[in-house]
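Take a look at the structure below.
The values are calculated or read from the model by the stated rules, or taken from the named source; none is laboratory data. Given the structure is predicted, the values throughout are model-derived calculations rather than measurements. Here the Cβ positions follow ideal geometry from the backbone for every residue, glycine too, while neighbour counts run over all protein chains shown. Heads up: the accessible areas ignore ligands, DNA and RNA and are worked out on the full protein's heavy atoms, side chains in. Shrake-Rupley method; radii C 1.70, N 1.55, O 1.52, S 1.80 Å.
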Amino acid sequence: MSFSKRLKEEKKRLKENQGTIAKYAGITEKSVGAYERGENNPPCSFLEKIAPYGFDVQYILTGVRSDAALSPDERELLTLYKKAPETIKQAVRAVLLSGGNGTVKTVNFNSNSHISNVNIKN
C-alpha cells in the first residue's frame, strides 16, 4: 500500500476530513488532497504537525503500526496481554476469535493450565 493510501486510511480511522488535516498542518485542503492522491509528497513538517492529533506517522511512512497510535484502552489491553500467563492469553484469543458471533460461556482449563474447551454460545 502506498503512502497516499495509508494517509487516507489514517484520515478515515480518525474520522477526520481534509479540511481538519489542513488546519492541523497549516496548509490548504488542496495540498492535503494532492498528498492523498499521490500527486505530491509532503514535507516532514506536515507529518510532525499531524502526529499530535493521533495520526500514526510511522504507519503512514512505513506501513508498520506504532504503539503510539493506540488508544489508551488499546495500549492498556496490549500491556496486560503481554504480561499475562499463556493460559490467559489463550482465553483472550478464544474470546476474540469468537468474532462477536456469540458469547464465550465457559473456558475450561486442564490440569496443565491449558485451555481444554471453549464453549461459545450463539
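Give the stretch 43-56 a look and list any residue that's of a type outside the set (Ser, Thr, Tyr) and either farther than 18 Å from MET1 by Cα or at pLDDT 95 or above (or both), or say none. Outline the logic, then answer.
First, pick out the residues of the stretch 43-56 that are of a type outside the set (Ser, Thr, Tyr): 43-44, 46-52, 54-56.
Within the stretch 43-56, PRO43, CYS44, PHE46, LEU47, GLU48, LYS49, ILE50, ALA51, PRO52, GLY54 qualify.
Which residues, counting only those in the stretch 1-27, are more than 15 Å from TYR53 (Cα to Cα), open to solvent by less than 70 Å² (accessible area, probe 1.4 Å) and of a type outside the set (Gly, Ala, Ser)?
Those that are more than 15 Å from TYR53 (Cα to Cα), open to solvent by less than 70 Å² (accessible area, probe 1.4 Å) and of a type outside the set (Gly, Ala, Ser): PHE3, ARG6, ILE27.
From the set of residues in the stretch 45-100 that are of a type in the set (Lys, Arg) and open to solvent by 50 Å² or more (accessible area, probe 1.4 Å), which is nearest to the chain's Cα centre (by Cα)? Give the steps one after another, and end with the answer.
Initial filter on the stretch 45-100 (of a type in the set (Lys, Arg)): 49, 65, 75, 82-83, 89, 93.
Now narrow it down to the ones that are open to solvent by 50 Å² or more (accessible area, probe 1.4 Å): 49, 65, 75, 82-83, 93.
Values: LYS49: 20, ARG65: 7, ARG75: 10, LYS82: 17, LYS83: 20, ARG93: 17 Å.
Out of the qualifying residues, it is ARG65.
Restricted to the stretch 1-19, and to residues that are assigned to a loop (DSSP other than H, G, I, E, B) and free of Cβ contacts under 8 Å to residues at least 24 places away in the same chain, which residue is nearest to the chain's Cα centre (by Cα)?
Filtering the stretch 1-19 down to residues assigned to a loop (DSSP other than H, G, I, E, B) leaves 1-2, 14-17.
From the residues that got through so far, the ones that are free of Cβ contacts under 8 Å to residues at least 24 places away in the same chain too are 15, 17.
Values: LYS15: 13, ASN17: 18 Å.
The qualifying residue nearest to the chain's Cα centre (by Cα) is LYS15.
Is it true that some residue in the stretch 75-93 is out of contact with any Pro (no Cβ under 7 Å at 6 or more places or on another chain), part of a loop (DSSP other than H, G, I, E, B) and either modelled with pLDDT under 65 or within 19 Å of SER4 (Cβ to Cβ) (or both)? Please lay out each step first, then the result.
Of the residues in the stretch 75-93, the ones out of contact with any Pro (no Cβ under 7 Å at 6 or more places or on another chain) are 75-93.
Those left that are additionally part of a loop (DSSP other than H, G, I, E, B): 84-85.
Okay, now just the ones that are also either modelled with pLDDT under 65 or within 19 Å of SER4 (Cβ to Cβ) (or both), so none.
The answer is no, given that none of the residues of the stretch 75-93 is out of contact with any Pro (no Cβ under 7 Å at 6 or more places or on another chain), part of a loop (DSSP other than H, G, I, E, B) and either modelled with pLDDT under 65 or within 19 Å of SER4 (Cβ to Cβ) (or both).
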